[in-house]
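Participant: Got a structure here, written out as structure tokens. Questions coming.
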Amino acid sequence: MGNDRIFFRLLILLLVVTQACAPNSVPDDEQEIEPDPIVYDAYTWTEFTSPYITSNFRSIQIDAKDQVIIFTGNGVYFSEELEGTYEFISFNDEFTFGRLKMQDKFYAIASVRDSIYDANTDRNYYDRNVIITSEDLENWEIISGNYRMYSYLMDTEENRLYIGRQHGISVHDFNTGEKLYPDFLNTRLDDQITSLAKDKNGILYAATHDGAYKSTDNGETWSKAFSSLVNKDFDSVRKFIATPEYIVGLGYNGSAEFENPDYNANHFHVLNTEDNSWDHYWVEALDNYGKVVPFYASGFEIDNFDNILLSNHKGLYMKSVSGKEPLIFVGPYVDLEEYPTPLNSDGDLIGYKIEAFSNGDVIMWNGTNFWIGVYNQEFTYPE
């Protein structure tokens, strides 16, 4: 009898302890259900591989004729199709190339460095701007020297080259041979001109770290582009892109850290070139669960379907030029552990760069992962 009583008490104690240690149970109808990810059909993604992408790989560019150019440290590969046959052309051994951009009228424009050591600055190179005027990449003309080319714009209709440099913008008129080196609009500016664009009315726009500027006389004089804005941070622009109907500027909006919790919106400046009116607005970025996420753009393009394309270390986001809807994540929808994001020498994430074809297809790369996105021209944005 005594043993039965002891056993009964131990059984009750065990039940109490078990109940206390058990996780809180929630009725099935009250449990939070993990939402399914949102998968948009804007693009069909495939991984891109090429024997021409080696340790010397620099970048990829799509020119005005949809020709594909793969830049390496010792030359360029050309092809009329992304997965077609490539022709290799080596660089002039006299120069070490910093970066190179293709153009339809002039074959290429490059920033190169010659091997001169400056003991005062302890630098091994001077940066020089070079225009390549022959299709065999052999005949070079140095058109400006001893400063870095941060951005450029080739106006093929007016036959002028605009070079954004530190402290100013140089203008090279190939019709007259005239070269202009106007004093920059703000002598206190000690940073680069990051982007140049020209609208269909002939107005030139410059994105700088001191704000956005415009010129109505081909770069001779400059004035603030957004005279009505009082917030200097909102006035800043990283890059301008011109389309037949719009000029779109992507603004800076704080720290460049990808995971900054306060860094979850982007501001745009959109000029309608029909009525010459600017619109300035902020948009947020949504992940593939519809949640607002921290965001920083490493790539910015506008395709021929008036889609704004922004890329970062996770993939591609998009929105329409005319709307003010949030940026949506459109892929590639892959496991980030399977395709890890590379880091630079400082340990920072390397974001994707992006180029768009005339049919809306894109190629995106970060130096390690390469993707082709085939655009669905029937895609519509969610309401």
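Participant: Give the Cα extents of the stretch 316-364 along the principal axes, in whole Å, largest first.
Facilitator: 38, 24, 22
Participant: Starting at the first residue of the stretch 288-297, write each ³J(HN,Hα) from the Karplus equation 6.51 cos²θ - 1.76 cosθ + 1.60 with θ = phi - 60°, in whole Hz, x for Gly and Pro.
Facilitator: Each residue of the stretch 288-297 in turn: 7, 10, x, 9, 5, 10, x, 8, 9, 8 Hz.
Participant: A further question on this structure: Could you compute how fast the stretch 287-383 diffuses translationally, taking Rh as the Kirkwood radius over C-alpha pairs and applying Stokes-Einstein at 10 °C with viscosity 1.306 mPa s? Give it in µm² per second.
Facilitator: Value of D from the Cα-based Kirkwood radius: 113 µm²/s.
Participant: Quick check: net charge around N376, other residues with Cβ under 11 Å of its Cβ, Lys/Arg +1 and Asp/Glu -1?
Facilitator: On the way: positive: none; negative: D41, D361, E378.
Local charge sum for N376: -3.
No value in this document is a laboratory result; all are computed from the given coordinates. Note that the structure is a prediction, hence the values are computed from the model and not measured. Cβ coordinates were reconstructed from backbone atoms using ideal geometry, including for glycine residues, and neighbour counts include every protein chain displayed.
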